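Each value in this text was obtained by applying a stated rule to the coordinates, not by laboratory testing. Predicted, not measured: the structure shown is a model, and the values here were computed from it. No Cβ is skipped: glycine too gets one built from the backbone with ideal geometry, and neighbour counts run over all protein chains shown.
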Amino acid sequence: MSAPLALRPVQKCQILATWVLLLMMCCPPAGAALDEEQGAFARDLVAAAHAQRAVPVIYDPAYRKLEYPMGDVPWYIGVCTDVVVRAYRALGIDLQQLIHESRLGSGDRNIDHRRVVVMKKFFQRYGTKLPVSDKPEDYRPGDLVAYHLPDGTFSKSHIAIVSDSKTLEGVPLVIHNRGYGVREEDWLFGSEITGHYRYQRAPNISGWKK
């Protein structure tokens, strides 16, 4: 019986590379699974914001006494922060409760979660604070972008959700309410950006089901 042929070094490397490739295909890196999970969350958040465009709302920032938790102004009323609150609630996350429990506002559970300045503090502490830039590629679907509105009628601050749609030039659209109802617009760089955040977490609403 003849002895088995010895493999050349090149052949050994080829076999090793094949095994590594097969292993990666069967067991993708943990980072890839995490990226997919984050991408799914962002898609769901954008879809929840998109759905609000079908609901006509009157822009009214008046103070109202709300239920707690899960309190909301009437469905036909809303401001920029309400777009964010309602989108997250569709994913089982109640920002009214979370922001109140964070103690980053005045302690008034009727209004703190509807104030951009308090939202910014919350997202900075409990989410991811991202760089503010003038590069469209730095803004991903589901990101939260805060603004300063020097000519704002009701408020000088504003917040929007980055959409998964883009202009022909590749600039992401945003979903927000700046006084004309919930709209998806080419407005990412419409005013001075004062904050850029990403906030993803597990649902906290009791009994919530996807």
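Can you list the HN-Hα couplings for segment 86-98, worked out from phi with the Karplus curve (6.51, -1.76, 1.60; θ = phi - 60°), rounded to whole Hz and with x for Gly and Pro?
5, 5, 5, 5, 5, 9, x, 10, 9, 5, 4, 5, 5
Amide H neighbours of residue 194 under 5 Å, at least 5 residues apart or on other chains, H built in the peptide plane: list them.
146, 147, 148
Please give every one of the lysines within straight-line cross-link reach of residue 135, meaning a C-alpha to C-alpha distance under 17 Å, and leave out same-chain neighbours fewer than 8 residues apart.
166
Give me a comma-separated list of calculated 3J(HN,Hα) values for segment 193-210, in order, Karplus coefficients 6.51, -1.76, 1.60 applied at θ = phi - 60°, integers in Hz, x for any Gly or Pro.
For segment 193-210, the Karplus curve yields 7, 10, x, 9, 9, 9, 9, 9, 7, 6, x, 10, 7, 4, x, 5, 9, 6 Hz.
For residue 92, what residues show an amide H to amide H distance below 5 Å, using hydrogens built from the backbone and excluding near sequence neighbours?
Excluding prolines and chain starts, which carry no amide H, there are no hits.
Please give the charge dipole size of segment 59-101, origin at the Cα centre, charges +1 on K and R Cβ atoms and -1 on D and E Cβ atoms. Round to the nearest 20 debye.
The dipole of segment 59-101 has a size of about 60 debye.
Whole-Hz Karplus ³J(HN,Hα) for segment 166-181, in order, using 6.51 cos²θ - 1.76 cosθ + 1.60 and θ = phi - 60°, x for Gly and Pro?
9, 6, 4, 7, x, 8, x, 7, 10, 10, 6, 10, 10, x, 10, x
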